[in-house]
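Take a look at the structure set out below.
The values are calculated or read from the model by the stated rules, or taken from the named source; none is laboratory data. Please read these numbers as outputs of a predicted model, since none were measured by experiment. Note that we place each Cβ from the backbone using ideal geometry, even for glycine, and neighbour counts take in every protein chain shown.
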Amino acid sequence: MSTGAAIHVTGLTKSYAAGAVAVGDLDLTVERGQVYGFVGRNGAGKTTTMRMLVGLIRPTAGTGAVLGRPLGDPAALARVGSLIEGPSFYPHLSGRDNLRLLARYLGLPDTEVDAALERVELAHRAGDRFRAYSLGMKQRLGVAAALLGDPELLILDEPTNGLDPAGIVAMRELIGSLAAADRTVLLSSHQLNEVEEICDRIAVIHNGRLIAEGTVADIRSAGGTGSLLIRADPLDKASAVVAALPQVTSVAEVGGALAVQTDPANAAAVNRALALADIDVLELRVVRQSLEDAFLDITHDNGPVPTGDQLEAR
């Protein structure tokens, strides 16, 4: 087992009654200093994995370490900040007082509370009762609680849930600043455009199993070959020429242009074939597959999302 990684698990499994497997045989390594994205559809097993990492539930099988210590070890958890399954605070207390209670439990001064509230841009509403907070404000307070004690590792489950666009940008900047300060962040999110911008590596989990892992470019490649958009005259002749090329998977006419499924590296060859056929090429550009497109392709190819009792178990 690598003790140098912030997180390292092998064969991590969590199963429930009636044979429902929430997480199955998961191998995962998050290096120190990374912002690591953990993505999957609802019920894929993300939250269950995070709960095992911080010792909230015991794995059925497998081994793992967080900051070089066994899963759930108090010595490691003292250096971990987490927000899992949404924040939970006393509704009748203010945001500041909730954090003060937590800080005193951790043996931290009140100055830590004020600094955490500033970092999540909640200082101006810190005196309001938690029950009066919007969903986005509650989420920011949860992140502030995770920041108490300046943890080495942050495990954040949907930290942008309920945030407006400005709040999402602020959260992205905060996570970026944590990474710049040599902190490690494990982040689950449905905001794939945000994951795409801030994460060094990404893991895709589906039906409890890891189905893809790597950089954003790696995941995009796993999702498909990419495409070209071509505007040409005459269009019907161009379609026939391009469709006959061996490196082209498919051609479809969309809005007076051709959507061509092929590796973007083939753009020059496609352009050359059109020119040799005496076809005027008005536009030819690469359409980069987004992380969201790749995610949908990858998870679609790996079967349907579980429903009913399986979802509730996860």
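Quick notes on this one:
- Criterion applied to Asp97, Asp150 was being in a loop (DSSP other than H, G, I, E, B) and of a type outside the set (Gly, Ala, Ser), and the one residue passing it is Asp150.
- Boolean, Arg41 is modelled with pLDDT under 90, of a type outside the set (A, V, I, L, M, F, W, C), closer than 30 Å to Glu292 by Cα and under 21 Å from the mean Cα position of the chain (by Cα): yes
- The conditions of being out of contact with any strand residue (DSSP E or B) (no Cβ under 7 Å at 6 or more places or on another chain) and over 20 Å from Glu213 (Cα atoms) are not met by Ala76.
- The number of residues in the range 263-295 being free of Cβ contacts under 8 Å to residues at least 60 places away in the same chain, at negative phi and not aliphatic (A, V, I, L, M) comes to 8.
- Residue within the range 48-64 that is surrounded by fewer than 16 Cβ atoms within 10 Å (Cβ to Cβ) and within 19 Å of Ser189 (Cα to Cα) present: no
- Residue check for Asp164: closer than 16 Å to Gly81 by Cα and either more than 16 Å from the chain's Cα centre (by Cα) or outside the structural domain of Gln191 (by TED's automatic domain parsing) (or both): no
This table checks each residue for (1) in contact with an Asp or Glu (Cβ under 6 Å, 6 or more places away or on another chain); (2) crowded, with 16+ Cβ neighbours inside 10 Å; (3) within 14 Å of Arg119 (Cα to Cα).
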{"residue": "Leu147", "(1), (2), (3)": "no, yes, yes"}
{"residue": "Glu152", "(1), (2), (3)": "no, yes, no"}
{"residue": "Leu156", "(1), (2), (3)": "no, yes, no"}
{"residue": "Thr160", "(1), (2), (3)": "no, yes, no"}
{"residue": "Ala166", "(1), (2), (3)": "no, no, no"}
{"residue": "Val169", "(1), (2), (3)": "no, no, yes"}
{"residue": "Ser177", "(1), (2), (3)": "no, no, yes"}
{"residue": "Arg183", "(1), (2), (3)": "no, yes, no"}
{"residue": "Ser188", "(1), (2), (3)": "yes, yes, no"}
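- Just so you know, in the range 197-219 the residues that are touching an Asp or Glu at 6+ places or on another chain (Cβ under 8 Å) and of a type outside the set (A, V, I, L, M, F, W, C) include one that is modelled with the lowest pLDDT, and it is Thr215.
- Of the strands (runs of 3 or more DSSP E) entirely within the range 234-314, those holding at least 3 residues that are buried (at least 16 other Cβ atoms within 10 Å of the Cβ) and at pLDDT below 95 occupy 257-261.
- Taking the range 65-83 as the range and being over 20 Å from Leu178 (Cα atoms), surrounded by 16 or more Cβ atoms within 10 Å (Cβ to Cβ) and hydrophobic (A, V, I, L, M, F, W, C) as the test, the residues that pass are Ala65, Leu71.
- Residues that are at pLDDT 90 or above, touching a helix residue (DSSP H, G or I) at 6+ places or on another chain (Cβ under 6 Å) and small (Gly, Ala, Ser) were ranked within the range 141-167; the one that is farthest from Leu102 (Cα to Cα) is Ala144.
- Number of positions in the range 102-134 that are hydrophobic (A, V, I, L, M, F, W, C), surrounded by 13 or more Cβ atoms within 10 Å (Cβ to Cβ) and within 11 Å of Leu148 (Cβ to Cβ): 7
- Boolean, Ala203 is under 30 Å from Gly45 (Cα atoms) and among the small types (Gly, Ala, Ser): yes
- Screening Glu213, Glu197 for residues that are assigned to a strand (DSSP E or B), closer than 25 Å to Ser290 by Cα and touching a Lys or Arg at 6+ places or on another chain (Cβ under 9 Å) leaves exactly one candidate, Glu213.
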